[in-house]
1. Going by the structure shown, is E66 farther than 20 Å from R10 by Cα, open to solvent by 60 Å² or more (accessible area, probe 1.4 Å), at pLDDT 90 or above and under 15 Å from the mean Cα position of the chain (by Cα)?
2. Quick one: is R122 loosely packed, with under 10 Cβ neighbours inside 10 Å, at pLDDT below 85 and on the phi < 0 side of the Ramachandran plot?
3. Do we find that L50 is at pLDDT 70 or above and touching a strand residue (DSSP E or B) at 6+ places or on another chain (Cβ under 6 Å) in this structure?
4. Those residues that are of a type in the set (D, E) and open to solvent by less than 40 Å² (accessible area, probe 1.4 Å), I need them from the range 16-38; list them, please.
5. Filter the range 78-88 down to the residues that are more than 17 Å from I55 (Cα to Cα) and open to solvent by 40 Å² or more (accessible area, probe 1.4 Å), then identify the one that is modelled with the lowest pLDDT.
6. With the condition being touching a helix residue (DSSP H, G or I) at 6+ places or on another chain (Cβ under 7 Å) and without any contact (Cβ under 8 Å) to a residue 60 or more places away in the chain, I'd like the strands (runs of 3 or more DSSP E) fully within the range 1-98 carrying at least 3 qualifying residues.
7. It is to be established whether one or more residues within the range 1-15 are open to solvent by 80 Å² or more (accessible area, probe 1.4 Å), at pLDDT below 90 and among the hydrophobic types (A, V, I, L, M, F, W, C).
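The values are calculated or read from the model by the stated rules, or taken from the named source; none is laboratory data. It should be emphasised that the depicted structure is a prediction, and the values quoted were computed from it without experimental measurement. Cβ coordinates were reconstructed from backbone atoms using ideal geometry, including for glycine residues, and neighbour counts include every protein chain displayed. The accessibility values were calculated without ligands, DNA or RNA, using every heavy atom of the protein model including side chains. Shrake-Rupley method; radii C 1.70, N 1.55, O 1.52, S 1.80 Å.
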Amino acid sequence: MTEIAPTQRRALRAAAHHLNPVVSISQKGLTPSVLAEIDRCLKAHELIKLRLYGIEREDRDALFTEICTALDCAAVQHIGNLLVLWRENPKDATAHEFPEGRTAPARRRKEPPATKKQAAARTEARGRKH
């Protein structure tokens, strides 16, 4: 189980506020497939939320601790049926995704939404260029 500083925990709680739960744990509890899915989500996102359904209050803390020790992640927050977990991605993870020193392709920028008047002026300007 990874320990984090209080200031880092505060920042992670704030960052997790807008997140939606990516994994749900319900009747069958913490199965190996659920644990593997949590691990995949942590590798992809670092910071994730879990939702618990039908698990008693006393069992939630034990489940939270079991997940954190099994996956070597930090327990950020536990409020009601929501758990927030964090695990830092290894620095060389991007090197495995893009071999031979290549980097990820650049994202395209979206043009800001335009009003009809602005769109007409833009098409007129494009017509003059050709």
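1. Considered against the rule, which asks whether it is farther than 20 Å from R10 by Cα, open to solvent by 60 Å² or more (accessible area, probe 1.4 Å), at pLDDT 90 or above and under 15 Å from the mean Cα position of the chain (by Cα), E66 comes out as no.
2. It is false that R122 is loosely packed, with under 10 Cβ neighbours inside 10 Å, at pLDDT below 85 and on the phi < 0 side of the Ramachandran plot.
3. Here the answer is yes, as L50 does meet what is asked.
4. Within the range 16-38, none qualify.
5. Here the residue is E88.
6. Because the criterion is at least 3 residues that are touching a helix residue (DSSP H, G or I) at 6+ places or on another chain (Cβ under 7 Å) and without any contact (Cβ under 8 Å) to a residue 60 or more places away in the chain, the strands (runs of 3 or more DSSP E) in the range 1-98 that meet it are 47-52.
7. Yes: one or more hits.
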